[in-house]
2 protein chains.
Amino acid sequence: MSAYASLYKDELLDNILPFWLNNSRDEVNGGYFTCLDREGRVFDTDKFMWLQGRGVWCFSTMYDKVSPDPQWLAMALHGAAFMEKYGRDKDGNWYFSHTADGKPLVQPYNIFSDCFATMAFAALDKVSPNERYRKIALDTFENILRRQHDWKGKYNKAFPGTRPLRNFSLPMILCNLSLELEHLLGPARVDEFIPTVIREVMEVFYQQDTGLIMENVAPDGTFSDSFEGRLVNPGHAIEAMWFMMDLGKRINDDTLIRTSTDRMIRMLEYGWDPEHGGIFYFRDIKNHPPQQLEWDQKLWWVHVETLVALAKGYAYTGDERCANWFHLVHAYTWEHFRDDQFGEWYGYLNRKGEVLLNLKGGKWKGCFHVPRALFQVWRTLETLSI
Amino acid sequence: MSAYASLYKDELLDNILPFWLNNSRDEVNGGYFTCLDREGRVFDTDKFMWLQGRGVWCFSTMYDKVSPDPQWLAMALHGAAFMEKYGRDKDGNWYFSHTADGKPLVQPYNIFSDCFATMAFAALDKVSPNERYRKIALDTFENILRRQHDWKGKYNKAFPGTRPLRNFSLPMILCNLSLELEHLLGPARVDEFIPTVIREVMEVFYQQDTGLIMENVAPDGTFSDSFEGRLVNPGHAIEAMWFMMDLGKRINDDTLIRTSTDRMIRMLEYGWDPEHGGIFYFRDIKNHPPQQLEWDQKLWWVHVETLVALAKGYAYTGDERCANWFHLVHAYTWEHFRDDQFGEWYGYLNRKGEVLLNLKGGKWKGCFHVPRALFQVWRTLETLSI
């Protein structure tokens, strides 16, 4: 397993980061273009706050944890300046998207813009400490906590009370976010968060009878026999399991690490396509037709997050199932997603593993999952050879 | 071409209508189940107002135009009773969906629920005249007109003013709706609508340089170089062209009929998949990656609406291109969508024409496009042999 480390390191440093440095900077208006075609050319100039924040986080974190390369810091500052100038409405909520020159296009209907803005400014503050960055990160974090139970606000289309559901996304991100913010919040505040977050992810959304983690459950954690309630998103749950392993490391909880590893393997077995390989995007737990027409597609983030989870599961527990699966998922992922010719990785394949959209970045894919995963796998597997 | 008529008639009467009569009635709460699996079994009990309204319209129209079969009228009344009892909020807006027993699940965020409710009660009033039905149809129609320029209301996520766009869907439906309501509105009021509706469909959304009809344009009808603005939905435009042909018939405008036929052929040539056959769901006019991950899928409604447009184009103009295309689209559609074993038609195929979801009905597919198209093709081609 340790032999993979240098491959992941080289891919990160020689392919992925240069691709974004070379292609995504908007030199006129600041910020990043993320809609990049196969060759890295900008095909749409809209800017999406999720991806601006994720880019700032990525380059700040590389500067912090890989090496203090001045062009990485400059890239992070470049994105942050755009975000700071145009990103928020008067109440401090982050818009979803903007025109190239920073005019808001889509309202702050989506709290994950705020989550990634928090991550961005917290990470930037580590490498370029600044009261303004700290304040943006903390104010946004408090705003997320204030909005967390009704974050859709007026955009919520659910009729109140008929079928209340809890969704897995926010608890899962808060778990990652509190660790990212530890230098600002202080360990005591983070310690307060941890038990709740672990409980949400490991108990509320986990279903004992199937051993699976659901995307939506009734308020008491029971199964909801509805389109939303039957939905399984294997990649999402697998990603959450490596967040849990990291939390387990932080609080020295071996049981948590082992349980997360077991559940990650279970989700992967469940999500794997036995016919064509790769991990399904969505499944219906009762094998009914899911709502999502893209259910059988193979997405980049699902596969790279799985590689992280398998690497950590192996490094932290020595479970051989993780190594066996890693070899298989690695082979599938590098063969199907990586573009040998023009750099970076494809995002969207059809069920058979053929390229469905040949973009390298878009409305939802930016400089985030691929570099974060390459970094995590590299650093995790590197420890094995020591 | 006229030889197809009896095939379409038999399919409608012997396969499609019995399938819905046998499987979709909720005998306990009224209304229709539409989430039906391959064999016609209910896999989800939620009820969607679009599909309740479309079912009422369908059975009323069959009773009106095919034969006064009492079970069809009973079926229409069965759906209408559920809609009347549970369908609207206190302001007369139609909810999007309900639980099986009529509790609202999703708010009236979507004006097309109102459009299909109007169609439903207008059609029902023709076969079972009733002051209440007439009032529901007319009140809802006036409500649609009142809301038409800001129908998303508080659910609209666009930031005001940055990139205003006009969407093709509502003008297109209003065109069909005004004809469906003629017995209630009177010919004079319908005559008032017609020029505006024709202008919208044939001028505003039509792009001279490409000969294509767009889904979204700037307020002045010019091209918007954005994900929304680059979007082409061939099936949607083709469906609109047969509405235009019908309008052309009504106002004796042969030029309109010929132009609609030409544009329909152009959209079909553009939308056809040269590699695997079938019509793409979405394309980006600049050949950039579209936002919609389902862009390359083959959907039932796209294909059956195309058959209607081709049949009408042929019958009204004698254009041989329509006949040639009809043979091809007919062969593809009947081979790939029709289920020989359990009746009715599949809705969703992948690009290669393999079944993607084996449902016969769901959140968006009910008793509507297939029976309406079979009826329209049957009646249109039947006239050729006279």
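To the nearest 20 Debye, how big is the dipole of segment B:289-342 about its Cα centre, given +1 on the beta carbon of each Lys and Arg and -1 on that of each Asp and Glu?
On the way: 4 positive and 8 negative charges, 32 e Å.
Dipole about the Cα centre, nearest 20: 160 debye.
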So the label point sits 7 Å from Cα along the Cα-to-Cβ vector; using that for B:THR222, what distances do you get to the other copies, in nanometres, sorted shortest first?
5.9
For an R0 of 41 angstrom, estimate the FRET efficiency from the Cβ-Cβ distance between A:ASP10 and B:GLU275 and round to the nearest 0.05.
0.65
When the label point is put 7 Å from the Cα of A:LEU328 along its Cα-to-beta-carbon vector, which residues of segment A:273-302 have a backbone N closer than 15 Å?
A:273-280
Sorted by chain and then number, the residues having a modelled amide H within less than 5 Å of the amide H of A:GLY361, at least 5 places away or on another chain, are A:LEU36
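For A:291-304, what's the mean count of beta carbons from other chains sitting within 10 Å of each residue's beta carbon?
Numbers: counts 6, 3, 13, 6, 4, 3, 3, 0, 1, 0, 0, 0, 0, 0.
Mean partner shielding for this stretch: 3.
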Averaging sequence separations of C-alpha pairs under 8 Å and six or more residues apart, then dividing by the length of segment A:71-172, give the relative contact order as a whole percent.
21
Label geometry 7 Å along the beta-carbon vector: A:SER6 inter-copy distances in nm
7.7
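Give the whole-number value, in cubic angstrom per residue, of the convex hull volume spanned by the C-alpha atoms of chain B.
138
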Return the FRET efficiency for the residue pair B:SER128, B:LEU165: r is the Cβ-Cβ distance, R0 is 30 Å, and the value is rounded to the nearest 0.05.
0.15
Straight-line reach from A:LYS47: which aspartates and glutamates have Cα under 18 Å away, leaving out those fewer than 8 places along the same chain?
A:ASP26, A:GLU27, A:ASP37, A:GLU84, A:ASP89, A:ASP101, A:ASP114, B:ASP225, B:GLU228
Within segment A:63-100, the residues whose backbone N lies under 12 Å from a label point placed 7 Å from the Cα of A:LEU21 along the Cα-to-Cβ direction are A:63, A:67-76
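Can you show me the helix-derived [θ] at 222 nm for the protein assembly as shown, built from DSSP H runs with n ≥ 4 at -39,500 (n - 2.57) apiece and divided by the number of residues, rounded to the nearest 500. List each step's numbers first, then the result.
Details: 28 runs with 390 residues, N = 772.
Rounded to the nearest 500, the figure is -16500 deg cm²/dmol.
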Which pairs, out of A:LYS286/B:LYS9; A:LYS157/B:LYS249; B:LYS85/B:LYS365; B:LYS152/B:LYS312; A:LYS85/B:LYS154; A:LYS90/B:LYS152, put more than 29 Å between their alpha-carbon atoms?
A:LYS286/B:LYS9; A:LYS157/B:LYS249; B:LYS152/B:LYS312
So, relative contact order of chain A in percent, Cα under 8 Å, 6 or more apart, is 19
Fewest to most neighbouring Cβ within 10 Å: what's the order for B:SER97, B:SER385?
B:SER385, B:SER97
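Considering every Cα-Cα pair within segment A:29-128, what fraction, in whole percent, is farther apart than 19 Å? Can you show the working numbers first?
Working: 1932 of 4950 pairs.
Taking all Cα-Cα pairs of segment A:29-128, the fraction more than 19 Å apart is 39 percent.
Among the GluC sites (Glu not before Pro) in segment B:268-373, which ones are in a DSSP loop with at most 10 other Cβ atoms within 10 Å of the Cβ? Mind listing them?
Details: sites: B:GLU269, B:GLU275, B:GLU294, B:GLU305, B:GLU320, B:GLU335, B:GLU344, B:GLU354; in loops: B:GLU275, B:GLU294, B:GLU344, B:GLU354.
Sites meeting the loop and neighbour criteria: B:GLU275.
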For a Förster distance of 56 Å, can you work out the FRET efficiency between the beta-carbons of A:LEU145 and B:ASP191, rounded to the nearest 0.05?
0.45
Alpha-carbon centroids, segment A:191-220 and segment A:72-144: separation in whole Å:
29
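Within segment A:1-108, which GluC sites (Glu not before Pro) sit in a loop by DSSP and count at most 11 neighbouring Cβ atoms inside 10 Å?
Values: sites: A:GLU11, A:GLU27, A:GLU39, A:GLU84; in loops: A:GLU27, A:GLU39.
For GluC sites (Glu not before Pro) across segment A:1-108 that sit outside H, G, I, E and B with at most 11 neighbouring Cβ atoms in 10 Å, the list reads A:GLU27.
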Put a point 7 Å out from Cα along the line to Cβ at B:LYS157; what are the distances to that point in the other copies, in nm, shortest first?
1.0
Taking every C-alpha to C-alpha distance in the protein assembly as shown and binning by 10 Å from 0, the per-bin percentages run 3, 13, 22, 25, 19, 12, 6, 1, 0
For chain B, give the magnitude of the charge dipole about the Cα centre (Cβ charges: +1 Lys/Arg, -1 Asp/Glu; no others), in debye to the nearest 20.
720
To the nearest 20 debye, what is the magnitude of the charge dipole of the protein assembly as shown about its Cα centre, counting +1 on the Cβ of each Lys and Arg and -1 on the Cβ of each Asp and Glu?
1280
Checking the a/c ratio against 1.5 first, then a/b against b/c, what shape does the Cα gyration tensor give for segment A:282-350?
oblate
Could you tell me the center-to-center distance, by alpha carbons, between segment A:330-386 and segment B:26-50 in angstrom?
41
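Read-outs throughout are calculated quantities, based only on the coordinates presented, and are distinct from any laboratory measurement. These numbers were taken from a predicted model, which means no experiment stands behind them. Backbone-built Cβ (ideal geometry, glycine too); neighbour counts: all protein chains shown.
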